[in-house]
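Below is one structure, written out as structure tokens; comments come after it.
Readers should treat all values here as calculations from the given coordinates under stated rules, not as data from a laboratory. Keep in mind that what you see is a predicted model, and the values were worked out from it rather than measured. Quick reminder, even Gly has a Cβ in these numbers, built from the backbone with ideal geometry, and neighbours come from all protein chains shown.
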Amino acid sequence: MEPNFAVRAHDLAEKKTPEELAEIVSSYGFRSIQLVFGKAFDAPSYDDAYVARVKKALESKNISVSMLGAYFNPVHSHIDVIRKGVENFEENLRISHAFGGAYVGTETGSYNDSPWTYVPKNHTEEGCQATKKVFTELASYAEKVHGQVLLEPAWGHVIYSSSVLERLLKELHSPAVYVTIDLFNLLYEGNFEQRDDIFLSALKTFRKDIKVIHLKDAKIVDGKMVQLAPGEGDFHYDLMLQAIKQYCPSAVLTFEGVKADKIRSSLAFLQKLW
């Protein structure tokens with residue numbers, strides 16, 4: 001089975017017209033993208049006419065949208081910020097059908113409003129319950145409009161591990177909620193040496209419910225974990241790709257946060273390993 005590689009569109013180009021963005025993505029050889037309207041386009045809008053324009057531009061280059069990014073902080077200290085995040089997520093669910101039923105994804109935020117870094121309160125029952133409340137609403141809306149939600153755990157956030165996410169999914173009990181796995185986000189300096197076990201555990205836990213895997217790399221430099229492009233760090237991608245083939249072979253493998261000048265070399269590295 002051939003891998004389905006994708007890229008976060010605004011890592012290649014920000015604030016472009018739909019036509020310009022499609023041309024740039026195509027020049028890298030990608031046929032699938034993770035798309036954030038507000039970052040990718042110069043005049044973003046969820047109006048039907050603009051959505052149709054985006055769809056036409058991407059289809060002209062045979063590019064599909066695997067995921068719409070609508071990341072927001074569900075435990076922000078200001079309720080109006082949460083409400084705006086929910087409304088934006090719902091808008092993305094609404095338009096997802098224009099892009100073949102693309103998934104709509106988010107991480108789960110932090111009690112440190114911004115940036116979403118670790119604070120002890122994140123790893124509490126209060127955080128789990130607050131997050132559950134927000135995503136119960138969004139899961140219900142997704143079912144209503146026949147949309148699909150992707151939730152992504154991250155060590156510094158309120159849903160901080162595979163086991164905590166597994167519990168949340170069981171409690172949501174929704175057929176509309178699936179998973180994004182990003183190994184970098186599940187790590188910190190204290191568990192970096194367990195990265196293989198953490199990745200394998202995530203894949204074994206969620207299996208085919210994993211719809212997107214984010215491609216990054218990392219190493220510890222002067223005691224701090226530093227993000228790098230795939231192939232430039234200490235992730236064991238030979239093991240990781242074999243596990244993906246075994247547990248979730250249809251997952252979309254998406255470059256996220258990789259600098260544009262590193263994408264081609266990283267893609268070649270991963271294709272050779274695959």
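Quick notes on this one:
- Over the chain, relative contact order from alpha-carbon pairs under 8 Å, at least 6 apart, %: 17
- Descending by average beta-carbon neighbour count within 10 Å, the peptides 256-264, 68-76, 188-196 line up as 68-76, 256-264, 188-196, the highest first.
- Compactness check for the chain: Cα Rg over 2.2 N^0.38 Å is 0.96.
- Within the chain, percent of DSSP bridges classed antiparallel, to nearest 5: 15
- Theoretical gain in end-to-end length, residue 77 to residue 245 [0.36 nm per residue, Cα-Cα removed]: 56.4 nm
- All C-alpha to C-alpha distances of region 117-274, sorted into 5 Å bins beginning at zero, yield P(r) values of 2, 9, 17, 20, 20, 15, 10, 6, 1, 0 percent in whole numbers.
- Highest-first arrangement of 41-49, 137-145, 223-231, where packing means the average Cβ count within 10 Å: 137-145, 223-231, 41-49
- For 155, 116, the sequence from fewest to most other C-beta atoms within 10 Å is 155, 116.
- Mean residue ellipticity (222 nm) of the chain, computed from DSSP H runs ≥ 4 via -39,500 (n - 2.57), nearest 500: -13000 deg cm²/dmol
- Cβ-derived FRET efficiency at R0 41 Å, residue 119 paired with residue 170, nearest 0.05: 0.95
- Net charge of Cβ neighbours under 13 Å - reference residue 214; Lys, Arg +1; Asp, Glu -1: -3
- Kirkwood Rh and Cα Rg combined as Rg over Rh, evaluated for region 119-209: 0.98
- Working from Cα pairs under 8 Å separated by at least six residues, relative contact order for region 1-67 is 40 percent.
- Here the average projected area of the convex hull drawn through the C-alpha atoms of region 1-67 stands at 4.2 nm².
- Rg(Cα) / (2.2 N^0.38 Å) computed for region 186-274, rounded to two decimals: 1.06
- With all pairs of separate Cα atoms included, region 1-156 yields a Kirkwood hydrodynamic radius of 16.4 Å.
- Above-threshold pairs, the threshold being 22 Å between Cα atoms, out of 15/259; 39/170; 216/262; 56/208: 39/170; 56/208
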